[in-house]
1. Residues of segment 77-114 being surrounded by 12 or more Cβ atoms within 10 Å (Cβ to Cβ) and modelled with pLDDT of 75 or more, which ones?
2. Could you tell me whether segment 116-129 includes any residue that is modelled with pLDDT under 65 and among the small types (Gly, Ala, Ser)?
3. Considering only segment 1-48, how many residues are in a loop (DSSP other than H, G, I, E, B) and at pLDDT 95 or above?
4. Name the pairs: first residue in segment 36-47 and closer than 16 Å to residue 23 by Cα, second residue loosely packed, with under 15 Cβ neighbours inside 10 Å, Cβ to Cβ under 8 Å, at least 6 apart or on different chains?
Amino acid sequence: MGSSTASATAHDVTITADIFVGNFPEFGNTARFPPTQISFWLTQAYAQLDACRWDTALDYGAQLFAAHNLVLSDRAAQAAAKDADVGEASNPIQTATIGGVTNTFDTTAGSIDGAGQWNATSYGQRFWALARGISAGPQLIPGRPVPTGQLGFAVRRRGPGW
C-alpha cells in the first residue's frame, strides 16, 4: 500500500492522490472525490499521526484516515445536493416502518466499542483497529523531561501518540 520510510516526519506526505486511488480504486471518481480533496485529507492524516509511533504502518493509516474522511465529506455533499442538513450528525436507524411492515436492525453488530465517530465508515473502523494496535503498550518518545516520579527515573514525553 505505498512505500513508507521510517524516517518520515509528521509532515512528510509520502502517499499522493494517484497512489491513494491506485490502492483504493473506489475513490477514482474525480467528480465525487477530487484529487485536491484526497490530497487535503492525506495531508491532515500525516499532520495528525505520529510518524515515530506508526512507523511502517503510517502510509496505510494515513490512507484509511483519508478514506474515512472522504466518505464523510461525500455524504455531506450528497446531503447538500438534496438540500438536506449538510453537517448533521446521524446514527444508524434502529427501526424502520414502511406501510404495515416494521424492521428492527441491530445497529451495534457492525460497530466497535469505543470507536465513536470512527464507526461511521468501514474505513474508520479499520483505522480504529489499526490505531488501537499501534498505540497499545508503552513507548518512550524523546521530548521534554518529566520530573522523577515514583519509579525513581525521569521519562520524556511529547504528548499523545496516535
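1. The answer is 77, 78, 79, 80.
2. Looking through segment 116-129, none of the residues is modelled with pLDDT under 65 and among the small types (Gly, Ala, Ser).
3. Selection size over segment 1-48: 10.
4. Close Cβ pairs (under 8 Å, with a partner that is loosely packed, with under 15 Cβ neighbours inside 10 Å) amount to 39/16; 42/16.
The values are calculated or read from the model by the stated rules, or taken from the named source; none is laboratory data. Because the structure is a prediction, the values reported are computed rather than measured. We place every Cβ from the backbone using ideal geometry, glycine too, and count neighbours over all the protein chains shown.
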